[in-house]
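Student: Attaching a single structure in structure tokens format; questions to follow.
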Amino acid sequence: MAKKATSITTIEAPVPMHEQVYQQIVHALMAGHFEPGQKLTYRKVAEQFGTSPMPVRTAFQRLQAVRALNLLPNGSVEVPLLTVASFNSLTEARIAIEGTATELATPRLNGNSLRTVRHHCKARTEAAKAGDIDRYLEANFDFKFAIYQHCGNEYLLYIIEILWLQAGPFLRKLVEGTTFTPTEALDVDFHERIMDALEAKDAARARDAVAHDIREAGQFMLRHAKFMAG
């Protein structure tokens, strides 16, 4: 008599600690929790995450490879400062790539996904009015990536993440430069325009609104943020 086939469920391996630490640092950079010029040490970050320095060191090395962190002579790392020219190039790259991602995502956003974007847009405005910088930056990140993740192109998403590793820290300078009062912070906020275009399924208008948002924020940072000479 033949034996009954056994149903086998694939067991997913737990995410290694070094990958968890890497993803948390990536998120912190993109969401603006670190600022340009900030020094980071293996030990302090390891204490923050409750782990040994080794996975932090591995994460730092990976981030140095994509120019998200700079290695210093004493062994610590620094969140990069950019020259004005480099920042302008970064801004133009973001406009092109994030604008395209938004245009592609617009027809794909509907129902729950569109409500999620609206939720993050509302949370961002509420955080600005409350003067909560960390919550504002987190909601800003959530809003943008809730759109981009529906673009249907994994290569675009990868490029956006690489760009945000350098752009994210400057976002903190944007809100700090305004002293974070509602009128000032929301003066360079075009997220309602983006939201209106998404809900109207107007892909071209959504792309233009994202481009305008990035460009205006970039101009504001050029006036208020600290840049390297060169």
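The values are calculated or read from the model by the stated rules, or taken from the named source; none is laboratory data. Treat the numbers as computed from the prediction; the structure is a model and nothing was measured. Cβ sites come from the backbone with ideal geometry, for glycine too, and all protein chains shown count toward neighbours. Just the protein is used for accessible areas: all its heavy atoms, side chains included, with ligands, DNA and RNA removed. Shrake-Rupley method; radii C 1.70, N 1.55, O 1.52, S 1.80 Å.
Student: With a 10 Å radius around each residue's Cβ, average the other Cβ atoms per peptide and rank 130-138, 15-23, highest first. It would help to have the intermediate numbers written out before the result.
Tutor: Working: 130-138: 17.0, 15-23: 15.2.
The densest-packed peptide leads the list: 130-138, 15-23.
Student: In terms of the Cα gyration tensor, with a ≥ b ≥ c the square roots of its eigenvalues, is region 70-141 rounded because a/c is under 1.5, prolate because a/b exceeds b/c, or oblate? Numbers along the way, then the final one.
Tutor: Numbers: a/c = 2.60, a/b = 1.50, b/c = 1.73.
It comes out oblate by the Cα gyration axes.
Student: In region 40-84, whose amide N lies under 15 Å from the spot 7 Å out along Cα-to-Cβ of H18? List them in ranges.
Tutor: Only 52-65 fall inside the zone, counting backbone N under 15 Å.
Student: Solvent-accessible area of F141, probe 1.4 Å, all protein chains present, reported in Å² to the nearest ten, please.
Tutor: My reading of the accessible area for F141 is about 20 Å².
Student: Further question on the same structure: Please list, short to long, the whole-number percent of alpha-carbon pairs of the chain in consecutive 5 angstrom bins beginning at zero.
Tutor: 1, 7, 13, 16, 17, 15, 12, 8, 4, 2, 1, 1, 1, 1, 0, 0, 0
Student: Right, something else. Where the centroid of each part is defined by its Cα atoms, how far is region 81-121 from region 34-67 in Å?
Tutor: Each part reduced to its Cα centre gives a spacing of 27 Å.
Student: Leaving out ligands and nucleic acids, and using a 1.4 Å probe, what accessible area per residue does the chain come to in Å²? Please report the intermediate quantities before stating the final value.
Tutor: Working: 12240 Å² over 230 residues.
For the chain, the solvent-accessible area averages 53 Å² per residue.
Student: Provide T91, T100 ordered by accessible surface of protein heavy atoms (probe 1.4 Å), highest first. If you can, show how the numbers build up before the last one.
Tutor: Numbers: T91 15, T100 40 Å².
Putting T91, T100 in descending order of accessible area: T100, T91.
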